[in-house]
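Q: Can you read through this structure? Questions will come right after.
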Amino acid sequence: MVMRIYTIARSVHLERLKDFSTGHLYFLKKSYDFHAAPNGANWTQCSSVFSLLIKVFSARGETIEINEPLSISSWPVTVAIVSVNRFLRLVSPKPNRIVSYAIENMDVSLALASKLRIPRRLSRALVRLFAGYIHGGLHRVAFGTLGASENYGALLSPRVLSIPESELFLALPNPCECAKTTRVSSSRKFVFLGSLERRKGFRLLCEAWTKNAISGRDAGCLTVLGKGVMQPIALQLASKWPSQVAVEIDPARSRIHATLRDSDIMVLMSQAEPRWREQVGLPILEALAHGLHVVTTDESGLAPWLRANGHTVLRSSCDADELAETLVALSTTPVSPATILGSLPQLDQRVAADEWLCA
């Protein structure tokens, strides 16, 4: 049995449980995109860090997956778990194996310096101390992107990096069971999926779409799926151009799949912030799994693969005019769902990473 301990749980964590090695998921909080668990999903929302530590202390010879070492917000939990397990190594004949899946591609010392308002040199020292302590307590670590692997190499000491076994599993999905290999529509169908906020590029997308609509340039139609602080902007866009824009606030998973099956192009223009950078982009993975062409920025850890496989990767500093022109150009560019689906592995690489971590 595998214990998975996350500070925050998302719907995708629950959905993946059926494909992961047999085990149980424990977490402290629900993410904004948390929906009801699929039937049979083994998960528990714990009331406190103490209750999690009791479970770790009571375990013997189990594999325990924790948040990645560079997840600053998870440090109180992960440091405590690693400390408990280090103690168990001294007193138990069957210590647990601690593993982690890593996709952080941002220099988190910058985020820490901004959050605590401390000098950069001090923040880098803290990252080496806490992330290094966690990393040094791991048995295995699976990297989801090359950028994440290189980021860890830049932030942690070679001695600490050499302690756990590590492998790279490029975070690509397998084709979704409901994906269509062909789509026929009279106009190009764009979709935005995710949190309606600046860092996901939603404001930039709205500005670009408005420029095209005002100038009379037809890029097709846009469906917005999500929720967040920019919901009023989304609804305003739809009210101005109801024939071009549709908005669904916090749709069910079934509606998300149905919309992706019927769409052609995903737009997720991730924008870096002082304390955040797009690691992979779950909407990108869902789009690929349904055979959509992806339009994104070079912030995503998957940007090199996307660019090499014919998708559209723009500079994170691109403006609304550039994006508007890109959308118009794509409105007449053929999209082959079969080709996109054919570029994906037959096994979801997050599942492959789980198999290796728990072997």
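Q: Looking at region 298-309, I want the residues that are assigned by TED's automatic domain parsing to the domain that holds residue 102 and within 16 Å of residue 283 (Cβ to Cβ) and have a partner that is hydrophobic (A, V, I, L, M, F, W, C) and part of a loop (DSSP other than H, G, I, E, B) with Cβ atoms under 6 Å, at least 6 apart or on another chain. Which pairs are those?
A: From residues that are assigned by TED's automatic domain parsing to the domain that holds residue 102 and within 16 Å of residue 283 (Cβ to Cβ), there are no pairs.
Q: Six or more apart or on different chains, Cβ atoms under 8 Å: show the pairs whose first residue is in region 15-37 and over 18 Å from residue 256 (Cβ atoms) and in a loop (DSSP other than H, G, I, E, B) and whose second is of a type in the set (A, V, I, L, M) and at pLDDT 90 or above.
A: Correct list of pairs: 17/25; 19/351; 20/2; 20/351; 21/2; 22/2.
Q: Right, residue 353: out of contact with any strand residue (DSSP E or B) (no Cβ under 9 Å at 6 or more places or on another chain), hydrophobic (A, V, I, L, M, F, W, C), buried (at least 22 other Cβ atoms within 10 Å of the Cβ) and modelled with pLDDT of 95 or more or not?
A: Judged against the criteria, residue 353 is not a match.
Q: Restricting attention to region 245-255, and to residues there that are of a type outside the set (Lys, Arg) and modelled with pLDDT under 95, which single residue is farthest from residue 181 (Cα to Cα)?
A: Result: 250.
Q: Which one of these is part of a strand (DSSP E or B) and either touching a Ser or Thr at 6+ places or on another chain (Cβ under 6 Å) or not hydroxyl-bearing (Ser, Thr, Tyr) (or both): 160, 141, 127?
A: When all the criteria are applied, what remains is 141.
Q: Inside region 310-326, can you point out the residues that are surrounded by 16 or more Cβ atoms within 10 Å (Cβ to Cβ) and either in a loop (DSSP other than H, G, I, E, B) or aromatic (Phe, Trp, Tyr) (or both)?
A: Those that are surrounded by 16 or more Cβ atoms within 10 Å (Cβ to Cβ) and either in a loop (DSSP other than H, G, I, E, B) or aromatic (Phe, Trp, Tyr) (or both): 311, 316, 318.
Q: Hey, another quick one. If you take the residues of region 80-97 that are assigned to a helix (DSSP H, G or I) and basic (Lys, Arg), which of them is surrounded by the most Cβ atoms within 10 Å (Cβ to Cβ)?
A: 86
Q: Which residue is modelled with the highest pLDDT, if the candidates are limited to region 165-189 and must be in a loop (DSSP other than H, G, I, E, B) and touching a strand residue (DSSP E or B) at 6+ places or on another chain (Cβ under 7 Å)?
A: Restricting to residues being in a loop (DSSP other than H, G, I, E, B) and touching a strand residue (DSSP E or B) at 6+ places or on another chain (Cβ under 7 Å), the top hit is 169.
Q: Considering only residues of region 139-188 that are of a type in the set (Lys, Arg) and surrounded by 20 or more Cβ atoms within 10 Å (Cβ to Cβ), which is nearest to the chain's Cα centre (by Cα)?
A: Residue satisfying both the conditions and the ranking: 140.
Q: Hey, does region 55-63 have a residue that's among the polar types (S, T, N, Q), more than 25 Å from the chain's Cα centre (by Cα) and surrounded by fewer than 18 Cβ atoms within 10 Å (Cβ to Cβ)?
A: yes
Q: What number of residues in region 79-107 are among the charged types (D, E, K, R) and under 26 Å from residue 155 (Cα atoms)?
A: 4
The values are calculated or read from the model by the stated rules, or taken from the named source; none is laboratory data. This structure is a prediction, so every number in the text was calculated from the model and none was measured. Because the Cβ atoms are built from the backbone with ideal geometry, glycine has one as well, and the counts that use them run over all protein chains shown.
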